[in-house]
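Trainee: Here it is: the structure, laid out below.
The values are calculated or read from the model by the stated rules, or taken from the named source; none is laboratory data. Small disclaimer: the values here were computed from a predicted structure and weren't measured. Neighbour counts run over all protein chains shown; Cβ positions are idealised from the backbone, glycine included. These accessible areas exclude ligands, DNA and RNA; they are computed on the full protein's heavy atoms, side chains included. Shrake-Rupley method; radii C 1.70, N 1.55, O 1.52, S 1.80 Å.
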Amino acid sequence: MRQEQAQRPCAGSRLLMVLPTICLLAAALVGVIVGVKSVRPEWQTGLLSMRTLQPLHAFLGVSFVLTGLAAGTIIVLEQQGGRFAGRGLFTGALVLFVVGSAGLIATGHGSGVEYVAWPIGMTVLIGGLFTILSVNVVRHLRTLACVSAEGAWLLGLGLVLVVLGLAERSSEVMAAPGMTRALTIEWHALDTFFAGWNAALYGLGMLAICRPGERGRPLRSRWMFVLAAFCLLSTFGHHHYMSPQPAVLKSIALLASMLAAVSFVRHVWTLIRERGHKPGEGPPEQAFFRAAEVFTLAAIGSGVLLAIPHINIVLHGTLAIVAHSMGSMIGVNVMLILGIFVRYAGRNDPAWSIRLTRRVRWVGVALVLVCVDLLLAGAAEGILRLDLPFQEFDSRVRLWLVPLPAFGLVLAATIGLLCREVWLGLQNIAGDAESVKVLRIIEAKPGASGVEPIQDEMEVGAKLAQARTVGAVSSADVE
Amino acid sequence: MAHGRTDQAAESRGQTRQVLTRIGVVVAGYLVYVLAVSVLPLGARAADALPANSDAQVLLGQRVWRASGCTSCHAIYGLGGHTGPDLTNAYSRMGEAYLRTVIGKGVRAMPAFELSDERVDAVVAFLKHADRTGVYPTSSAFAPVFGVGR
């Protein structure tokens, strides 16, 4: 317990965690408006133009991941390897990137490029910041590898791939080499960028779950590494089976995508092994990492299915792909980033742990509702567009989207509640006081005879754990 | 005791080297792909269908397409927004006159774009170029697996 509290992040680290949280909440808010516009595109075309809303929504989502990844990396480095020089300046530059880019996109000065919506000049800033992060990770690689060699590999590689993906994407936009070549580079750069941040976040997660003195996951076997590297580098071609790219790239992509089923099976196995844990039993961040596991499984499974050419022909370019990417982004990236923040909050409070588990479940349920609706609309679009022109099938597809604004609102609200709970825990505002209240209630219950009265409020976490052991506390008590 | 510490340090160094090697291998693989993309004749099919002197106009069209935020609502080969139709084959399916009218006057949720004639010509040339590169979406789920050429 004492060791845990010594690891609590300082005020500067908490400030670094605010930025991604604001980006996430803003993305959720804009997403609700985009949800309404997807049902009624004619609504407020002047004031709320999709020309601004769509890139702003995508930018806020991407900037959540980038700022969250940066914050998580700095916190892990500080916890494991000491000081991160120039953190204040680094945070200022991240704020400049987010505020500056959002302002320019909102006033119609974005790049007009999918996913990398910020003005191309801003890439130099964010690319530079991630280069600094990569250098720092490489400098502390030995320390990180001692904690978890697999985690260190994924984190280091992921950060490098983020920089390479950004550089590739920007050089294509600046050089404008023509549509056919641009399509290949665009997908390759985007896949590298996304693969980079996913690898880095999984690496951070592996490093974060290790308690002081614990040894984390060792490097995977050589053959599993070769398989992972092949899949990481080659799957990009499955995004454009129908576009005029060389068939060799597409064939390699198909093979790599099908081999990703091995990763799917490994994740299934992990989940089966972890079955049976109850909320509040493990550390507070456990709920986040388990949710990330479940949604990783869904993301890989749907990715493998979508890479099958005849399914790809029907669903690619429809809202089904939005469901796939939203599921990955919220279900995996959001859970990993918030889980890492919670891990280093240094609170050992079962009541907080149970509340977080509940909030994570609500987000999961809301996310499933949104994704299922998008998937159905996407499937309808994919089937109808085979025979009908857009003007004829559009209104039918929009019918499927009618519940989307309501589901989107629920998702935004649950994300808001989850962020509030995480934030209160980080600030240490509500948790202890509420836990004392819960314990007072439990003490008054007839079945709580095994719980000793509270003498010292500093030991609330341990008392609650004791109350759970004797069966005197339930999730309902905590709520 | 000291011997144990030396072993541990050696193991730690070996592990770090292995981590660095694995990062290097993947980055090298990435560079091979970038090299492959830059040497493969990716533009060949499109170039067959388009006179060489219109290249500059197509590139200007691509820039106008991006600057006007067309990607927010429209996609080409599935990459882009979902509010409006995918425009890969809009040129052949809707016709040039229809495209010019829609760009200039707007339609339903799409606002009118105040573009100069030169810029409208460039966007139309860009869409014509996209149209000639292939068919998307296809008219059958049992189309040739790796795309339909023109």
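Trainee: Report whether or not A:Ser234 is modelled with pLDDT of 85 or more, surrounded by fewer than 18 Cβ atoms within 10 Å (Cβ to Cβ) and touching a Phe, Trp or Tyr at 6+ places or on another chain (Cβ under 9 Å).
Mentor: Values: modelled with pLDDT of 85 or more: yes; surrounded by fewer than 18 Cβ atoms within 10 Å (Cβ to Cβ): no; touching a Phe, Trp or Tyr at 6+ places or on another chain (Cβ under 9 Å): yes.
It is false that A:Ser234 is modelled with pLDDT of 85 or more, surrounded by fewer than 18 Cβ atoms within 10 Å (Cβ to Cβ) and touching a Phe, Trp or Tyr at 6+ places or on another chain (Cβ under 9 Å).
Trainee: Is it fair to say A:Gly88 is in the same structural domain as A:Phe194 (by TED's automatic domain parsing) and either in a loop (DSSP other than H, G, I, E, B) or closer than 30 Å to B:Cys73 by Cα (or both)? Write out each step before concluding.
Mentor: Details: in the same structural domain as A:Phe194 (by TED's automatic domain parsing): yes; either in a loop (DSSP other than H, G, I, E, B) or closer than 30 Å to B:Cys73 by Cα (or both): no.
Considered against the rule, which asks whether it is in the same structural domain as A:Phe194 (by TED's automatic domain parsing) and either in a loop (DSSP other than H, G, I, E, B) or closer than 30 Å to B:Cys73 by Cα (or both), A:Gly88 comes out as no.
Trainee: Could you tell me which numbered condition A:Ala261 fails, if it satisfies all but one of (1) under 23 Å from A:Ala366 (Cβ atoms); (2) surrounded by fewer than 18 Cβ atoms within 10 Å (Cβ to Cβ)?
Mentor: For A:Ala261, the failing item is (1).
Trainee: If you don't mind, there's one more thing I want to ask. Taking the stretch A:111-144 as the region of interest, how many residues are open to solvent by 30 Å² or more (accessible area, probe 1.4 Å), in a loop (DSSP other than H, G, I, E, B) and either touching a residue at least 60 places away in the same chain (Cβ under 8 Å) or within 14 Å of chain B (Cβ to nearest Cβ) (or both)?
Mentor: Selection size over the stretch A:111-144: 2.
Trainee: Got a number for residues in the stretch A:10-26 being touching a Ser or Thr at 6+ places or on another chain (Cβ under 8 Å) and either open to solvent by less than 20 Å² (accessible area, probe 1.4 Å) or in the same structural domain as A:Cys371 (by TED's automatic domain parsing) (or both)? Give the derivation first.
Mentor: Step one: of the stretch A:10-26, the residues touching a Ser or Thr at 6+ places or on another chain (Cβ under 8 Å) are A:12, A:15-16, A:19-20, A:23.
Restricting the remaining residues to those that are either open to solvent by less than 20 Å² (accessible area, probe 1.4 Å) or in the same structural domain as A:Cys371 (by TED's automatic domain parsing) (or both) gives A:16, A:20, A:23.
Residues in the stretch A:10-26 being touching a Ser or Thr at 6+ places or on another chain (Cβ under 8 Å) and either open to solvent by less than 20 Å² (accessible area, probe 1.4 Å) or in the same structural domain as A:Cys371 (by TED's automatic domain parsing) (or both): 3 in total.
Trainee: Okay, next question. Out of B:Asp117, B:Asp131, B:Asp121, I need the residue that is among the acidic types (Asp, Glu) and open to solvent by less than 50 Å² (accessible area, probe 1.4 Å). Which one? Before you say what the answer is, go through the steps one by one.
Mentor: Details: B:Asp117 fails: open to solvent by less than 50 Å² (accessible area, probe 1.4 Å); B:Asp121 fails: open to solvent by less than 50 Å² (accessible area, probe 1.4 Å).
Sole residue among the options that is among the acidic types (Asp, Glu) and open to solvent by less than 50 Å² (accessible area, probe 1.4 Å): B:Asp131.
Trainee: Working carefully through the options A:Val30, A:Val18, find the one that is modelled with pLDDT of 90 or more, hydrophobic (A, V, I, L, M, F, W, C), within 21 Å of A:Ala366 (Cα to Cα) and not in a loop (DSSP other than H, G, I, E, B).
Mentor: On the way: A:Val18 fails: within 21 Å of A:Ala366 (Cα to Cα).
That would be A:Val30, the only listed residue that is modelled with pLDDT of 90 or more, hydrophobic (A, V, I, L, M, F, W, C), within 21 Å of A:Ala366 (Cα to Cα) and not in a loop (DSSP other than H, G, I, E, B).
Trainee: Looking at the stretch A:33-66, which of the residues that are among the β-branched types (Val, Ile, Thr) and assigned to a helix (DSSP H, G or I) is nearest to A:Ser325 (Cα to Cα)? Can you show your working first?
Mentor: Here is the first cut: in the stretch A:33-66, the ones among the β-branched types (Val, Ile, Thr) are A:33-34, A:36, A:39, A:45, A:52, A:62, A:65.
Within this subset, residues satisfying the condition of being assigned to a helix (DSSP H, G or I) are A:33-34, A:36, A:39, A:52, A:62, A:65.
Numbers: A:Ile33: 19, A:Val34: 16, A:Val36: 19, A:Val39: 20, A:Thr52: 20, A:Val62: 12, A:Val65: 13 Å.
So the residue we want is A:Val62.
Trainee: Open to solvent by less than 30 Å² (accessible area, probe 1.4 Å) and within 8 Å of chain A (Cβ to nearest Cβ), is that true of B:Val58?
Mentor: Numbers: open to solvent by less than 30 Å² (accessible area, probe 1.4 Å): yes; within 8 Å of chain A (Cβ to nearest Cβ): yes.
So B:Val58 passes the test.
Trainee: Listed residues A:Ala444, A:Ala430, A:Ala448, A:Ala413; which is at pLDDT 55 or above, among the small types (Gly, Ala, Ser) and surrounded by 15 or more Cβ atoms within 10 Å (Cβ to Cβ)? First the steps, then the outcome.
Mentor: Values: A:Ala444 fails: surrounded by 15 or more Cβ atoms within 10 Å (Cβ to Cβ); A:Ala430 fails: at pLDDT 55 or above; A:Ala448 fails: at pLDDT 55 or above.
Exactly one residue qualifies, and that residue is A:Ala413.
Trainee: Against the condition surrounded by fewer than 19 Cβ atoms within 10 Å (Cβ to Cβ), at pLDDT below 90 and either touching a His at 6+ places or on another chain (Cβ under 6 Å) or under 28 Å from A:Arg385 (Cα atoms) (or both), how does B:Gly95 come out, does it pass? Spell out the reasoning first.
Mentor: Values: surrounded by fewer than 19 Cβ atoms within 10 Å (Cβ to Cβ): yes; at pLDDT below 90: no; either touching a His at 6+ places or on another chain (Cβ under 6 Å) or under 28 Å from A:Arg385 (Cα atoms) (or both): yes.
Answer is no for this residue.
Trainee: Which one is farthest from the other protein chains (Cβ to nearest Cβ), of the residues in the stretch B:102-127 that are out of contact with any strand residue (DSSP E or B) (no Cβ under 8 Å at 6 or more places or on another chain), without any contact (Cβ under 8 Å) to a residue 60 or more places away in the chain and in a helix (DSSP H, G or I)? Show your work before the answer.
Mentor: Residues of the stretch B:102-127 out of contact with any strand residue (DSSP E or B) (no Cβ under 8 Å at 6 or more places or on another chain): B:103-127.
Restricting the remaining residues to those that are without any contact (Cβ under 8 Å) to a residue 60 or more places away in the chain gives B:103-120.
Subset that is in a helix (DSSP H, G or I): B:103-105, B:117-120.
Working: B:Ile103: 14, B:Gly104: 16, B:Lys105: 14, B:Asp117: 21, B:Glu118: 17, B:Arg119: 14, B:Val120: 17 Å.
Ranking the candidates gives B:Asp117 first.
Trainee: I've got another one for you. It is to be established whether one or more residues within the stretch A:67-78 are surrounded by fewer than 18 Cβ atoms within 10 Å (Cβ to Cβ), farther than 20 Å from A:Asn198 by Cβ and at pLDDT below 95. Before the answer, list the steps.
Mentor: Taking the stretch A:67-78 and keeping what is surrounded by fewer than 18 Cβ atoms within 10 Å (Cβ to Cβ), we get none.
No, there is no match, as no residue in the stretch A:67-78 is surrounded by fewer than 18 Cβ atoms within 10 Å (Cβ to Cβ), farther than 20 Å from A:Asn198 by Cβ and at pLDDT below 95.
Trainee: So, in the stretch A:189-216, how many residues would count as being of a type in the set (Gly, Ala, Ser), over 15 Å from the mean Cα position of the chain (by Cα) and open to solvent by 10 Å² or more (accessible area, probe 1.4 Å)?
Mentor: 2
Trainee: If you don't mind, there's one more thing I want to ask. So which residues in the stretch A:154-169 are at pLDDT below 95 and open to solvent by less than 10 Å² (accessible area, probe 1.4 Å), if there are any at all?
Mentor: A:Gly165, A:Leu166, A:Arg169
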